[in-house]
Amino acid sequence: MEKGALELMRTFGTSEWKSSLQAYLTSIQTLKQRYAQEREMKRIPVQITQGQTIYLSPGGQNVLVKKVIEEFCPRFTPGGNLAYVGDTDEKFTLFDEALLNRLGIRIDAHGKMPDLVIYYERRNWLVLVEAVTSHGPVNPKRREELKELFRDCSAGLVFVTAFLTRKAMIQFLDDILMGDGSLGCRSPLTSYSL
């Protein structure tokens, strides 16, 4: 138990209870504000376009999401449009609803979105990226979930599982292989380590 809470509990039933409770609640609010400010300061800046930056929460797969946007996208989907970027804190950090609607996609807020969605117009591909740091590669089950979520899309679907390292990719290789031992890819963008 936190020391301040323990001290507060010791005053319960005494004449000091009300003033101790007020002091404790004030200190808790101050701590919440400080932690929120610290968390905000540690947010990860990601340049989306010239002059447009989003800020992702620290931790989770967001370091990898940043690398996908800044390294993978220019290399494999040059000129592509980011239609969606999820965040561990805020599911719809970037959401281009108009673009997705134009492609025939209506997103259910409760649907399990991939970490990133990129529209690569030159090839008419909708690239669905899962950024894997601990779990969640595009395995056959996840591929079917994504096909269902984007079933009305007029663009071809490309499934990408991104990893920070090749070592991390090897750890999940069995998960992303199809039953016949293939990666089940429709393009050369099936898995990628940064």
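Conditions (1) more than 20 Å from the chain's Cα centre (by Cα); (2) modelled with pLDDT under 90; (3) assigned by TED's automatic domain parsing to the domain that holds Glu70, marked per residue:
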| position | (1), (2), (3) |
| --- | --- |
| His135 | no, yes, yes |
| Phe150 | no, no, yes |
| Cys153 | yes, no, yes |
| Val158 | no, no, yes |
| Ala168 | no, yes, yes |
| Gln171 | yes, yes, yes |
Residue list for the stretch 117-141, filter: touching a residue at least 60 places away in the same chain (Cβ under 8 Å) and among the aromatic types (Phe, Trp, Tyr): Trp125
When residues of the stretch 1-38 are limited to those that are farther than 27 Å from Pro58 by Cβ and not in a helix (DSSP H, G or I), the one modelled with the lowest pLDDT: Met1
Selection from the stretch 96-131 of residues that are part of a loop (DSSP other than H, G, I, E, B) and either among the β-branched types (Val, Ile, Thr) or within 17 Å of the chain's Cα centre (by Cα) (or both): Asp96, Ile105, Ile107, Asp108, Ala109, His110, Gly111, Lys112, Met113, Pro114, Asp115
First in the stretch 150-172 and farther than 21 Å from Lys66 by Cβ, second anywhere and outside any loop (DSSP other than H, G, I, E, B), Cβ under 6 Å, 6 or more apart: Phe150/Leu157; Cys153/Leu126; Ala155/Trp125; Ala155/Leu126; Gly156/Trp125; Leu157/Leu126
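The values are calculated or read from the model by the stated rules, or taken from the named source; none is laboratory data. Keep in mind that this is a model prediction, so the values were computed, not measured. So basically every Cβ, Gly included, is an ideal-geometry build from the backbone, and we count neighbours across all protein chains shown.
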